[in-house]
Structures are given as structure tokens and as C-alpha cells.
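J.: Take a look at the following structure, please.
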Amino acid sequence: MGLGQHVSAIVGFFRAGYPKGAPPFGYVPLLALLPRRVTDDEITSIARKLLAPKRRPVDNVDIGVEITRVTDHMPSANDIERIQNRLGAMK
């Protein structure tokens, strides 16, 4: 494997982890300023935990507490809504 192929493999690796919707060039330092977003895997994990047998229905406070436990950040309204949608799909 030549040097060009190694460089292409490395660039491909970094681009695979690049956030969707972000401009492809010149804005990498600004990505550090974006708020953390709950990943799809974390949403699935949180939804499964919340669907465990409980005595009362799950509300936004329950979802927010689980997001905080997983991310160590305050939950956004968008993340709470994404988990509500996942819970609805899993029921």
C-alpha cells in the first residue's frame, strides 16, 4: 500500500466520523462549540432503560434525568423529543 492510499484511508476515517449537516471544509474549529447531542445508540439505551417495568408512566423529567446520567450535560428539548419518539416506536 502506497503513501497515497494510506493518506486516503486516514482521510476516509476522519470523514466517516464527521457530523452530518456540517460544512465539509473550513469550519472544524467551530464544531467544538456545538452543544453535545445524544447519539442514536445512547437514545436506544436510554429508551430501553425507561421501558423497564415501572409503576408510573415515563415523563420528560425521567427522560431528562437519564440523559444527564449518560451525557453529564443538561438535556436539550430536541434530545428529549428524540427519546420520546423512540419510546413511542418501541412500545
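The values are calculated or read from the model by the stated rules, or taken from the named source; none is laboratory data. Bear in mind the structure is a predicted one, so any value in this text is a computation, not a measurement. Cβ: placed from backbone, ideal geometry, glycine included. Neighbour counts: every protein chain shown.
J.: Of all residues in the stretch 44-58 being within 16 Å of Glu81 (Cα to Cα) and among the small types (Gly, Ala, Ser), which is surrounded by the most Cβ atoms within 10 Å (Cβ to Cβ)?
T.: Only one residue tops the list, namely Ala47.
J.: Here are Val11, Val65, Val7: which of them is modelled with pLDDT of 90 or more, in a helix (DSSP H, G or I) and of a type in the set (A, V, I, L, M)?
T.: Val65
J.: Restrict the check to the stretch 20-34 and report whether at least one residue is at pLDDT 75 or above, in a helix (DSSP H, G or I), exposed (fewer than 10 other Cβ atoms within 10 Å of the Cβ) and within 20 Å of the chain's Cα centre (by Cα).
T.: No.
J.: Counting only residues that are part of a helix (DSSP H, G or I), more than 15 Å from Ser45 (Cβ to Cβ) and touching a residue at least 24 places away in the same chain (Cβ under 8 Å), how many does the stretch 68-83 have?
T.: Qualifying residue count, the stretch 68-83: 1.
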